[in-house]
Amino acid sequence: MVNESKPLGSEDSSAVEFVKEMLAGDPTYAINFDRIQWDHENKRYVIVEFLLCEEKQSTRGITPLSSHPNRYFMKNSMKFISLWKLSQVIGAKLFLVNYSKAGTSCEDQVLLMEVQNVDATASAPVQTINSTMTRQEFSSWFRTLNRRGRT
């Protein structure tokens, strides 16, 4: 039996707004992440975290292809540590994806990073295997991954 799912609709950011309201300005000790799915072909979960490179960063030479979590690890370490720990607990493959919004100068640059390890004590805490892609190449990779979610 094939389970079908509906296409994505408009983004629902109300949950984020609700959490912000409920925390009433308290710092958060949790992370939000973008996607988790079962990979039926490989019999494991896959976690995908999307990392937006803003257009204004390109004026400083930071693009989706040059950015890496190690460049800003101390600013966002809990996100990467928590994602890695979760992936290890559930036996998931963890991917980080650098991208820019459509219509920007770097829109066709996507960096797919397969995380191999996260060690906060290392000089390069986030160890990845990187694949440089165009937007279309990433779409093809992502759609293939998405189809492997079917059971």
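Structural remarks
- Taking θ as phi - 60° and the Karplus parameters 6.51, -1.76 and 1.60, the scalar couplings of region 27-35 work out to x, 9, 10, 10, 10, 9, 10, 7, 8 Hz in sequence order, x denoting glycine and proline.
- For residue 29 and residue 74, the FRET efficiency from 1/(1 + (r/R0)^6), where r spans their Cβ atoms and R0 equals 30 Å, is about 0.95.
- Accessible-area value, residue 56, 1.4 Å probe, nucleic acids and ligands omitted, Å²: 140 Å²
- Scattering curve values for the chain, log₁₀ I(q)/I(0), Debye with Cα scatterers, q = 0.18, 0.19, 0.20 Å⁻¹: -1.30, -1.39, -1.46
- For the options 91, 25, 103, a Gaussian network treatment of the chain with springs between C-alpha atoms closer than 10 Å singles out 25 as fluctuating the most.
- Estimated 222 nm signal from helices in the chain, with DSSP H stretches of n ≥ 4 weighted -39500 (n - 2.57), rounded to 500: -8500 deg cm²/dmol
- Top of 21, 55, 107 by mean-square fluctuation, Gaussian network on the chain, Cα under 10 Å: 21
- Two-site FRET efficiency, residue 21 against residue 85, from Cβ-Cβ distance with R₀ of 35 Å, rounded to 0.05: 0.80
- Spatially proximal lysines relative to residue 43 (Cα-Cα < 29 Å; intrachain offsets below 8 disregarded): 6, 79, 85, 93
- Where the chain is the region considered: accessible area per residue in Å², 1.4 Å probe: 66 Å²
The values are calculated or read from the model by the stated rules, or taken from the named source; none is laboratory data. Note that this is a predicted model, so its numbers are computed, not measured. Cβ: placed from backbone, ideal geometry, glycine included. Neighbour counts: every protein chain shown. For accessibility, only protein heavy atoms count, side chains too; no ligands or nucleic acids. Shrake-Rupley method; radii C 1.70, N 1.55, O 1.52, S 1.80 Å.
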